[in-house]
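**Student:** Please read through the structure below; I'll follow up with questions.
No lab work stands behind these numbers, since they all come straight from the coordinates. Note that the structure is predicted; figures quoted are calculated from it, not measured. Don't worry about glycine lacking a Cβ; one is built from the backbone with ideal geometry, like all the others, and counts go over all protein chains shown.
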Amino acid sequence: MAIYTAKLYIEKISVGERSSDDFEGLYIWMLARAYNQMAHYNGSIVNNDTQENFEKFSDLFCRLEII
């Protein structure tokens, strides 16, 4: 069983879930999914053993423009 589970939502609708032992990889996966989207994303990474939230963000509007 993986150590961490990342869950990603738009509003209250689940748009992705991934489990892994690689904490940083899960965080990058969440940011990559939200990058350049016209939506308000929120998500968290939870330790599966303790149910502790390690990383959480909410109301992240991910419309990034590079000039």
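**Student:** Could I have the simple spin-label model distance between Glu52 and Ile10, label points 7 Å from Cα toward Cβ, reported in nm to one decimal?
**Tutor:** About 3.4 nm separates the two model spin labels.
**Student:** Oh, and also: Around Glu17, with a cut-off of 12 angstrom between Cβ atoms, what is the net charge of the other residues, counting Lys and Arg +1 and Asp and Glu -1?
**Tutor:** +3
**Student:** Just in segment 2-41: which trypsin sites (Lys or Arg not before Pro) are loop by DSSP and have at most 11 other Cβ atoms within 10 Å?
**Tutor:** Those that pass, being in a loop and sparsely packed, are Lys12.
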